[in-house]
2 protein chains.
Amino acid sequence: MRTEQAIQSKLKPEKPGPFGRGSTVSLRDVAREAKVSVATVSMVLNGNPRISRATSLRIQRLVERMGYQPNRLAQSLSSRYTNVVAVILPALRHAFADAYFGEVISGICDKAGKMGYKVMLEQAKPDFIREKQHIRIFERRYVDGVLCLGTNDRHKWVEDFGVSGCPAMVIDNSFDAFSVDHVMCDYRSGCEQVMNYLLQLGHRRIGMITAAPDIKAARTVVDTYRSKLREAGIEPNPVWIEDGKFTEEGGAQAAHKILEKDPQITAIFGGNDKMAIGAMYQVVNLGLKVPEDISVVGFDDLRHAAFVNPTLTTIHLPLYEVGMAGMERLVERIHGRPEPVREVLPTHLVVRNSTALARTVST
Amino acid sequence: MRTEQAIQSKLKPEKPGPFGRGSTVSLRDVAREAKVSVATVSMVLNGNPRISRATSLRIQRLVERMGYQPNRLAQSLSSRYTNVVAVILPALRHAFADAYFGEVISGICDKAGKMGYKVMLEQAKPDFIREKQHIRIFERRYVDGVLCLGTNDRHKWVEDFGVSGCPAMVIDNSFDAFSVDHVMCDYRSGCEQVMNYLLQLGHRRIGMITAAPDIKAARTVVDTYRSKLREAGIEPNPVWIEDGKFTEEGGAQAAHKILEKDPQITAIFGGNDKMAIGAMYQVVNLGLKVPEDISVVGFDDLRHAAFVNPTLTTIHLPLYEVGMAGMERLVERIHGRPEPVREVLPTHLVVRNSTALARTVST
DNA sequence: CAGTTTTGCTAAACTGTTTTAGCAGATCGA
DNA sequence: TCGATCTGCTAAAACAGTTTAGCAAAACTG
């Protein structure tokens, strides 16, 4: 029953819109126009050498003129690759508004763009994990791989990827309980640099605000803090360590407790910039001065650290680079790289105005 | 030539992995096992009432047992809906690390999850626009719609969506030059609240740090600032207004210029929190006190504003809610809603410690 | 009890690619 | 000069769903 009207050439997509109602050009349209099979057009577009130069050029021009765009749903269905990766963020209310994650995601997106990948966002909320969505996004062909940010030891689901053979990369952390690909910052060296610096400035009683003992990277920092103190002949006092929950508020409270239990503290080392900033806030609130009375050091070097008062001495983490590297390794993994990925990127100290020589403490 | 081995039931996906090598269950597998056609299984899954209750239940159980997951590439190819939307961010180096965008994206993702949508990330870099990628992600069936964040008047590409009939939503801004769907905060009312408050505190010479005159929302604030001054019988002095480029550094420099040109200023109103924080930093640097000498007000109410010293008085923008509403309206648009979207969400003043009664100025 | 409607399902077409098997005709080697 | 190889292309299957037309049989209607 089909009339001859269908024969009219599709040289121009008939209307600019409305979109999605059969207005786009398909391989079939190009093939019909060029009087070749769809296989030929497909092979031209994929640079298959079995097509003659003449035919190839002729079809390339036609593709150009007709404004053909391959439908990537069909491509993915056929090729079994979606060229999409997911970034899985923890279920924190302000995860997206966090400068730490932002920096990593920025690196991931830039690298993904260069490699022809798209980036999808997921949040690992309890429902998401319970419904096995983290595996389903693979089974349902949403993604070829995932990058896991902000993980901790309780995130058992990270192991599921390995078991199911789904390419996954843990960013800026690692796990003791099982083996998993990861790319992270050198937390040990970062902490060593802080401790060397503070000890050099004459600090002996150094408070440490940590957070989340269930994060391997965070534990590494505390362990290094302790061993560097011992190395310097100082027995770390348990009251010097408090939990700051990774937040400004937590950092402020932790600083308060530390200074209450040992007023002779001369420096406070925050496990991240936010807690260090909270600590500074609290120190000032207690009528003390930074850095004259108390030196404060952070860890992250968020853009913001240079704009608090006083500006914050901190460890620079190459978060953007970690994101890029993670993305790159993940794609290698997707394409069959067999060896495990265990990459560690260097960190360095940035000295600003929140640190000074230790005040002389009455002993 | 096919042997009878294929007949063995696929009740359990043969191995947990390796993934992606023909290990998943398809509609065809379920149909074979249930001894019905694929159409029947498809109809059961889509709740088509033309299937008997008995068959439906039987198949549902089988689907459950076999762990069938519909392949969404095939679904999308057939249905012409991807159930994916893109968030387009401006090409700023730290766009993802920005708390403002983070808050909006958080709202978008939460709402998207509830509506069965996935969120893709894109950055509107020059190349991206030049290659018409913003339209191509539609043509190539990556997405059903886009949400545009951080737009300004120079972003002519926003108009392309309308022209091409691609569902798009501008978030927290609008355009004079053309008509486009948008959901935004009430900038006018926010500014009015700030000005009412400062005038009530006795401030008469009020500096304003603005940014990007090519952003409609920002212009609205400056216009309102001027008209509120006039309303109070004060002729706005051009030297009171400076550009702060939306950054802390810019805010600091702008504050410096304003105070240089008119030292009798008693309050500074920053067009966003970052610039206000930069301004505070600079005011203190100049040996003045906040709020005793100079009151400072921000605009955004980023989480961080409560943790600077002194804590920042600011306008709370419902960014999370704007993200949610934008996502919701976009999906309506995708499904054919004809009326344009022009939504404005209310803002409110949050008074903290960076503002006080105006100091008495020698006239 | 013939004729119509309803019910429950199937076959086949359709979405738009990639890929493999293979067909002619030309080229080559012995 | 005959078989083998190469060249350039096509037909068809595969990917995994949705949707429409339509077929029997059962259930109604008059």
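The values are calculated or read from the model by the stated rules, or taken from the named source; none is laboratory data. All values reported here derive from a predicted model rather than from experimental measurement. Note: ideal-geometry Cβ built from the backbone for every residue, glycine included; neighbour counts use all protein chains shown. Protein only, heavy atoms only, side chains kept; ligands, DNA and RNA dropped before computing areas. Shrake-Rupley method; radii C 1.70, N 1.55, O 1.52, S 1.80 Å.
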Just want the answer: with Cβ charges of +1 for Lys and Arg and -1 for Asp and Glu, which residue in B:246, B:311, A:100 is farthest toward the dipole's positive end in the protein assembly as shown? A:100
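Rounded to the nearest 5, what is the percent of antiparallel bridges among the DSSP beta bridges in the protein assembly as shown?
10
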Summing -39500 (n - 2.57) over every DSSP H run of at least 4 residues in the protein assembly as shown and dividing by its residue count gives a helix-only mean residue ellipticity at 222 nm, to the nearest 500 deg cm²/dmol, of -12500 deg cm²/dmol
Pseudo-spin-label distance residue B:28 to residue B:48, built 7 Å along Cα→Cβ, given in nm, is 1.9
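So for B:301, B:223, B:262, what's the accessible-area order with a 1.4 Å probe, most first? Don't skip to the end; give the middle numbers.
On the way: B:301 30, B:223 85, B:262 10 Å².
So, going from the largest accessible area down, we get B:223, B:301, B:262.
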C-alpha center-to-center spacing [region A:149-177, region A:242-268] in angstrom: 31
Beta bridges per DSSP with both ends in chain A, % antiparallel, nearest 5: 10
Given A:107-116, B:166-175, the highest-first ranking by average Cβ count within 10 Å works out to B:166-175, A:107-116
Considering only protein heavy atoms and a probe of 1.4 Å, how much of the accessible area of region B:211-363 is carbon and sulfur, as a whole percent? 53
Assign unit charges at the C-beta atoms only (+1 for Lys and Arg, -1 for Asp and Glu), then state the dipole size of the protein assembly as shown relative to its Cα centre in Debye, rounded to the nearest 20. 3500
Kirkwood-based Rg over Rh for chain B (C-alpha set), two decimals? 1.16
Magnitude of the charge dipole, region B:108-266, Cβ model with Lys/Arg +1 and Asp/Glu -1, debye to 20: 160
Spherically averaged projected area of region B:139-282 from its Cα convex hull (nm²): 9.6
Taking the Cα atoms only, what angle lies between the long axis of helix A:99-114 and the longest principal axis of chain A, rounded to 10 degrees? 30
With a/c under 1.5 counting as rounded, go ahead and sort region B:53-151 into rounded, prolate or oblate using the C-alpha gyration tensor (a ≥ b ≥ c being the square roots of the eigenvalues; past the cut-off, prolate if a/b is larger than b/c, else oblate). prolate
Given R₀ = 51 Å, FRET efficiency for residue B:57-residue A:154 by Cβ-Cβ distance, to 0.05? 0.85
With a ≥ b ≥ c from the Cα gyration tensor eigenvalues, square-rooted, and the rule rounded for a/c under 1.5, otherwise prolate when a/b > b/c and oblate otherwise, the protein assembly as shown is oblate
Cα atoms only, region A:63-110: Rg and Dmax in Å? 17.0, 49
Can you list the residues, at least 5 places off or on another chain, whose amide H is less than 5 Å from the amide H of residue B:208, using H built in the peptide plane? B:241, B:242, B:269
Considering chain A as a Gaussian network with a 10 Å cut-off on Cα pairs, which listed residue, A:99, A:177, A:255, attains the greatest mean-square fluctuation? A:177
Restricting to aspartates and glutamates and to Cα separations under 17 Å from residue B:132, and discarding same-chain partners fewer than 8 apart, the set is A:64, B:122, B:144, B:159, B:160
Amide H of residue B:147 versus every other amide H placed in the peptide plane: which residues, excluding those fewer than 5 positions away on the same chain, fall under 5 Å? B:86, B:87, B:88, B:169
Extension reserve of the residue B:360-residue B:344 stretch, reckoned as 0.36 nm per residue once the Cα distance is removed: 1.9 nm
Please state the shape class of region A:175-259: rounded when a/c is under 1.5, otherwise prolate if a/b exceeds b/c and oblate if not, all from the C-alpha gyration tensor. oblate
For chain A, built as a Gaussian network whose Cα springs stay under 10 Å, the top-fluctuating residue of A:246, A:101, A:307: A:307
Result for interface chain A to chain B, accessible surface buried in total, 1.4 Å probe, Å² to 100, stands at 6100
To the nearest 20 debye, chain A has a Cα-centred charge dipole, built from +1 on Lys and Arg Cβ and -1 on Asp and Glu Cβ, of 2060
Across region A:79-96, in residue order, what do the Karplus-derived ³J(HN,Hα) couplings come to in whole Hz, using 6.51 cos²θ - 1.76 cosθ + 1.60 with θ = phi - 60° and x for Gly and Pro? 7, 6, 10, 9, 6, 10, 10, 10, 9, 9, 9, x, 7, 9, 3, 10, 4, 6
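Calculate, for region A:148-227, the solvent-accessible area per residue in square angstrom, rolling a 1.4 angstrom probe over the heavy atoms of the protein chains.
That works out to 35 Å² per residue.
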What part of the accessible area of region B:24-66, given as a whole %, is carbon or sulfur when the probe is 1.4 angstrom? 50
What accessible area per residue, rounded to a whole number of Å², is obtained for region B:250-363 using a probe radius of 1.4 Å? 39
Just want to confirm a number: the relative contact order over chain B, from Cα pairs under 8 angstrom separated by 6+ residues, in percent. 16
Can you work out ³J(HN,Hα) from phi for every residue in region A:167-179, in order, using Karplus 6.51 cos²θ - 1.76 cosθ + 1.60 and θ = phi - 60°, giving whole Hz and x for Gly and Pro? x, 9, 9, 8, 9, 6, 6, 8, 10, 7, 5, 7, 8
Which residues' amide hydrogens lie under 5 Å from the amide hydrogen of residue B:118, considering only partners 5 or more residues apart or on another chain, with H built in the peptide plane? B:84, B:85
Going down the table (B:114/B:274; A:156/A:216; A:111/A:216; B:156/B:257; A:289/B:257; B:111/B:216), which pairs top 23 Å between alpha carbons? B:114/B:274; A:111/A:216; B:156/B:257; A:289/B:257; B:111/B:216
Residue A:176 to residue A:311: FRET efficiency via 1/(1 + (r/R0)^6), r the Cβ-Cβ distance, R0 41 Å, to the nearest 0.05? 0.70
